[in-house]
Each structure stands twice: as C-alpha cells, then as structure tokens.
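Q: After the structure tokens below, expect a handful of questions from me.
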Amino acid sequence: MWHRRAFLKAAGAGFAATLLPRQAEALEASELVFASAIQRTEGGYAAALVTEAGKLVSSVDLPDRGHDITFSRTTGQAVVFARQPGTFAVVFDPSGKSAPQTLTSVEGRHFFGHGAFSPDGQLLYATENDFDNARGVIGLFDATDGYRRIGEFDTFGTGPHELLLTPDGSMLVIANGGIETHPDFGRAELNLDTMDPSVCFIDAKTGDLIGQLRLASGLHQLSIRHMAFDAQQRVWFGCQYRGGAEDMPQLVGYATRNGDIRLVKMPPDTLGQLRNYVGSLAASADGGLIAVSSPEGNAVLTIDAATARVASITVLDDGCGIAPNGAGFLASSGQGILIGVAGGAATERRLGFGFDNHLRRFL
C-alpha cells in the first residue's frame, strides 16, 4: 500500500511547496491521504484531500455535486466525476502545478459518477448513459491528449455505475444497475418492472464481452451498484433494492471470473439495519474484510471475506464513504464525520464540511 513518500513522488516534487503552512504540516504528520467529493458548509461543492486524522490538505472547486474520484499512481492526476446525471468531470493535479480541467460529456451522454485509469495512466474509463437508447457505455478518454474522448465500449446493460479494472489491467468489471433513467426526467427511474442488473467482464483493450452474470430472475429489482476485489480476486458487490419496502432481500454478494455469482446470507436483524440500501463498498488493505455502508440505515458493516460472516457493525449517521485504513477502514459521513471502523486507527473527527458518497485512499 502507498505511504506518504510514494504519494508525494506521484503527485510531484512541488506538491508540498504549494500548500499553506497548516496544510503542509498536516501532510507531513500523516501516513495516509484520502480523497472525497464534499459539500461546503457555506455552500458550493469541491473535491478534497484529507489526512486520516481529519486535516484538510487541499481542495478544488466543482461546478456542482461530485460523486467519486479516481487517481493514477503513474501520472499523479486525479479525476472527480459528477453525480448522475451530471455532465462534467474535473481533472485535477493534487500538486497544484496545473490548473483543473473540466471535461464535458458528449451529446447524448451523461456521466454515472465513476471511472478508472488504465495502469499506465494513459487512458481514462468512465461509466456513461446513452440515455436516448437506454444503453450503458464506457467513455474512453486519452489522458495524454487533453483527455480527448476517443471512443466508447458497450457495458452490455443499462444504468452502469461503478467500474473496476482487474489488477493486471486486462479486464473491466462493470456493475450494471439495470435502471433506465433519462435527464428529461431528472433522477426518476423508468423501468422498475423490467430492471435487468448484471456484473459484466469486458476486455479492457477491445471492449469485447468476456462474461455476464445475473442473479436469479426473482431478484431483478436488486440493482448492483458498487464493487471491490477481495484477497482471492473475487468481485464483491453491494446492491440497492427497488422493490417493496416490506421486502428484505440479501444485499451483498460476490462474483468470480469463472462464472459464479451469489449473495451472502446475513441475519435478518443485521440485514434490516441496511434498509435495502448499500451506498458504498470497500475491501481492507489485505482483502480479508469487506465493508459495506448504508446511509439510509446509518450503519457500516464489515464482512469476513473468507467465511462471508458479519464481523462488525458500526453506527454512523448518514455514513457512506469507506476506504481501507491500516487494519480496518476509515468511514465518512454527510455530517462531516471521519471515524475508524473494524480496527481502523482514526478516532472520530468532525470536519467543517459534509462528505459525499465515496471516500478513496490515495496512499
């Protein structure tokens, strides 16, 4: 895992020199740095770098609400994506050596809030909506040429949300949420009776479909949204249920490259705490624990990946962001709280802004 010196190397030698004294001091005392989209107390939106101790390192303004952030270890550049159905993504340099660059989705597309860099940092992948055709796509952006959009891949589904690259960079894994939306109708969900969620494995070079996995047909209203790899390279996923409020389907599962997909069974009282909604999902540094959050249920759960059993439950009002932190996790909330979970080292901190849905460990 990354440590502070590796982050500074990737971000550029001049990064620390661009910081205010209190920000430089916070970074110097820190071993871990995290990123999140935020909402400022006084109004307005930004993307921020913070330490595990809750100190602000730097921030960049956003035109509207952001969702998730991705970072290239190779080039030191980061991109924050607009919340669905936003049409912007902001490329920023944590070192501050270059001005932020705002990307605008092409006509007929909007962003779905997530993306990832290729291992060499030369290509940016972004989940998008071809909304007039109710078709998910992955936008391809050339990071060596001003982030020019050079094409797209089909996601072989509707409503793609998070995407991951396999560790070797050969495949994209897509969480197709299965929900049709159109910007003419805001965030309204237009096909709840005919939803078709899936996990797709796609060749990262050609866009060819390698495999597509679906849950049982009776679970077609279980929208697959967020993912993480465990130590065995299984793809764990978290879901949001769009059926009746009185139903209580399992919400967390895993998929494998050899075609296995299954939900793990949580006890009814534990499952009930998630209130049919998983907002984020992350794996611990060693891949042995999976954390899932529910801002609807004000809870963060951890699951032992080997046994698929719930290991801990933490109460966190409006908690959603999760990232690995030492032996456990750091969790963030819309109320501006950072807290250690399941062995995470940080004690509770309250910051002067609200965190958005996702927290990403930059080092």
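Q: Confirm whether LEU274 is farther than 26 Å from GLY243 by Cβ and surrounded by 22 or more Cβ atoms within 10 Å (Cβ to Cβ).
A: When the stated conditions are applied, LEU274 does not pass them.
Q: Could you please let me know if GLU42 is modelled with pLDDT under 95, more than 23 Å from THR104 (Cβ to Cβ) and touching an Asp or Glu at 6+ places or on another chain (Cβ under 8 Å)?
A: no
Q: Can you spot a residue in the stretch 5-20 that is in a helix (DSSP H, G or I), modelled with pLDDT under 95, under 20 Å from the mean Cα position of the chain (by Cα) and farther than 30 Å from ALA188 by Cβ?
A: Within the stretch 5-20 (the criterion being in a helix (DSSP H, G or I), modelled with pLDDT under 95, under 20 Å from the mean Cα position of the chain (by Cα) and farther than 30 Å from ALA188 by Cβ), the answer is yes, since at least one residue qualifies.
Q: Does the stretch 336-352 hold any residues that are surrounded by fewer than 19 Cβ atoms within 10 Å (Cβ to Cβ) and part of a strand (DSSP E or B), and which are they?
A: ARG349, ARG350
Q: Among the residues of the stretch 313-335, which ones are closer than 10 Å to LEU289 by Cα and open to solvent by 10 Å² or more (accessible area, probe 1.4 Å)?
A: Hits for the stretch 313-335 are PRO324, ALA327.
Q: Name the strands (runs of 3 or more DSSP E) wholly inside the stretch 163-234 in which the number of residues that are modelled with pLDDT of 95 or more and more than 18 Å from the chain's Cα centre (by Cα) is 2 or more.
A: Because the criterion is at least 2 residues that are modelled with pLDDT of 95 or more and more than 18 Å from the chain's Cα centre (by Cα), the strands (runs of 3 or more DSSP E) in the stretch 163-234 that meet it are 198-203, 209-213.
Q: I would also like to ask the following. Just the residues that are crowded, with 20+ Cβ neighbours inside 10 Å and more than 16 Å from the chain's Cα centre (by Cα), please, taken from the stretch 106-122.
A: Result: ARG109, HIS110.
Q: Can you tell which of ASP230, ASP286, ASP269 is free of Cβ contacts under 8 Å to residues at least 40 places away in the same chain and not basic (Lys, Arg)?
A: Selected residue: ASP269, the only one of ASP230, ASP286, ASP269 that is free of Cβ contacts under 8 Å to residues at least 40 places away in the same chain and not basic (Lys, Arg).
Q: Name the pairs: first residue in the stretch 99-127 and closer than 17 Å to GLN77 by Cα, second residue part of a strand (DSSP E or B) and open to solvent by 70 Å² or more (accessible area, probe 1.4 Å), Cβ to Cβ under 9 Å, at least 6 apart or on different chains?
A: Qualifying pairs under 9 Å: PRO100/ASP61; LEU123/ILE150.
Q: Return a yes/no flag: does the stretch 135-156 have any residue that is at pLDDT below 95, out of contact with any Ser or Thr (no Cβ under 6 Å at 6 or more places or on another chain), part of a loop (DSSP other than H, G, I, E, B) and open to solvent by 10 Å² or more (accessible area, probe 1.4 Å).
A: Checked the stretch 135-156: no residue is at pLDDT below 95, out of contact with any Ser or Thr (no Cβ under 6 Å at 6 or more places or on another chain), part of a loop (DSSP other than H, G, I, E, B) and open to solvent by 10 Å² or more (accessible area, probe 1.4 Å).
Q: What number of residues within the stretch 213-271 are of a type in the set (Ser, Thr, Tyr), out of contact with any Phe, Trp or Tyr (no Cβ under 9 Å at 6 or more places or on another chain), closer than 20 Å to GLY178 by Cα and open to solvent by less than 40 Å² (accessible area, probe 1.4 Å)?
A: 1
Q: Inspect all residues belonging to the stretch 294-308 and state whether any of them is of a type in the set (S, T, N, Q) and open to solvent by less than 30 Å² (accessible area, probe 1.4 Å).
A: Yes, that holds for at least one residue.
Q: Then there is this: Determine, yes or no, whether GLY259 is of a type outside the set (Val, Ile, Thr), part of a helix (DSSP H, G or I) and farther than 19 Å from ILE313 by Cα.
A: no
Q: I'd like the full set of residues that are under 23 Å from LEU363 (Cβ atoms) and either buried (at least 22 other Cβ atoms within 10 Å of the Cβ) or among the polar types (S, T, N, Q) (or both), limited to the stretch 75-100.
A: Hits for the stretch 75-100 are THR75, GLN77, ALA78, VAL79, VAL80, PHE81, ALA89, VAL90, PHE92, PRO94, SER95, SER98.
The values are calculated or read from the model by the stated rules, or taken from the named source; none is laboratory data. What you are looking at is a predicted structure, and each value in this text was computed from that prediction instead of being measured. Cβ coordinates were reconstructed from backbone atoms using ideal geometry, including for glycine residues, and neighbour counts include every protein chain displayed. What goes into the accessible areas is simple: the full protein's heavy atoms, side chains included, and nothing from ligands, DNA or RNA. Shrake-Rupley method; radii C 1.70, N 1.55, O 1.52, S 1.80 Å.
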